[in-house]
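Got a structure for you, questions after.
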Amino acid sequence: MRAKVFLINNTFQYLLFIITIGFLTGCSKGNEPEDKSSSFGIYLLEDQSITWEDLKTRNLDSLKLKDWITDDKIDFYDYSTHVIYLNVDYNTLFSVPHNDNTPFVVVANEKRCYYGRFSPPQDTTQPHVVIKPLELCNDLVMLEFNPPHRKDIRVKDTIKIALEKLGKLKNGMNIYLNRVPNIDYINSTRLRIEFSASAINLDDKVLLIPQCKGDMIKVGSRIYYSRVILYNNYNFFAFKGHWDGCNADTLDLSSPLIKYQLTSIPTKLHIGSSSFHDFPLENLPNGNYYCYHELYGLMGGSKSLRQTVTDGRIWVGYSRSNTINFDYDSSKGVTLVNKNIILE
């Protein structure tokens, strides 16, 4: 009789243990994105009262997340421009309740990598990532990072590896400012500044970029340039440049887009050079300067128009080069301080 009671008690305790474990496991799963061996996604917070500023003092791992842009909604991610190519209409995704200060969290392989917001903060000197739809389409969103010379929080091995395992990674193009600018006098009051940059195609196929040659690229009402930025705490200069590519074709993307003269970078690791020269200035004050190169591709356009290119793809978005830091003295010239400065 005692043996039977002992057996019943043990059985009851075992069942109670199993039920308790199951209950606790179910609760913990409610705090995390769906468990996958390889995953990538952008999640919102369940508690919508939490702001982007609040996250500076909060532990990301302690927050409850809810699905927003999961990897099944993504065709691929261009790692050079951080443009996400969706297979759903972004208008549906952005219909969720949000304001400028609403945060989101980027998650890869169940690791919470960084957080961003829907619009820039008032103090734009704070490093921040903003998510924004691109114009004239319904499937492209960009994760944009600022300021350019700060440590880019979007660049994470965890994210890149997750996207690669999912088959959703495009490496895009690497832009590199090769050297400090040459600064020479044209006469006693005017200067000439020359820059040099390179582009490296990291994709498996042809990448097409607009061929600027010093002219504006216009998409809708917005204007973009291939340019070099030169600045310090007191001065800011933006130089339009031209991009010397390999082959050029005209692609008619039709109204409301203009005709684009496109430069193709045809093979993986093929280098195309860009030179910026003959930019006269009245005077360049002595001091310590930073400079970097921006290259803009197509900044929108419908999916059907982009698919008119069958051999390769049109490079969408923009990329910044390394930031060079140098000293300038009118009597001594240019002295390199750092070829790739990154401020925390």
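Quick check on the exposure proxy: order His293, His82 from fewest to most C-beta atoms within 10 angstrom. Don't jump to the answer; show the numbers that get you there.
Working: His293 27, His82 22.
Sorted ascending by nearby Cβ count, the order is His82, His293.
Which order do the peptides 104-112, 44-52 take when ranked by the mean count of other beta-carbon atoms within 10 Å per residue, highest first?
Values: 104-112: 19.8, 44-52: 14.7.
Packing proxy ranking, top to bottom: 104-112, 44-52.
Quick one: of Lys111/Lys165; Lys73/Lys168; Lys156/Lys339; Lys64/Lys160, which pairs are farther than 18 Å apart, Cα to Cα?
Pairs exceeding the cut-off: Lys156/Lys339; Lys64/Lys160.
What is the fewest-to-most order of Leu230, Leu305 by other Cβ atoms lying within 10 Å of their Cβ?
So the ranking, lowest neighbour count to highest, is Leu305, Leu230.
Based on the Cβ-Cβ distance of Asn91 and Asn59, what FRET efficiency does E = 1/(1 + (r/R0)^6) give at R0 = 56 Å, to the nearest 0.05? Show your work: numbers first, answer last.
Values: r = 33 Å, r/R0 = 0.59.
That gives a FRET efficiency of 0.95.
State the extension gain, in nm to one decimal, for the chain segment bounded by Phe118 and Ile50, taking 0.36 nm per residue of separation less the distance between their alpha-carbons. List each step's numbers first, then the result.
Details: separation 68, 0.36 × 68 = 24.48 nm, distance 1.35 nm.
Here the answer is 23.1 nm.
Considering amide H positions built from the backbone, and no H for Pro or chain starts, which residues 5 or more places from His128, or on another chain, come under 5 Å of its amide H?
Asn146
Okay, next question. Take each of the peptides 130-139, 116-125, 64-73, average the number of other beta-carbon atoms within 10 Å over its residues, and list them starting from the highest.
Packing order, densest peptide first, comes out as 130-139, 64-73, 116-125.
No lab work stands behind these numbers, since they all come straight from the coordinates. As the structure is a prediction and not an experimental result, all values here were calculated from the model. Note that each Cβ is placed from the backbone with ideal geometry, even for glycine, and that neighbours are counted across all protein chains shown.
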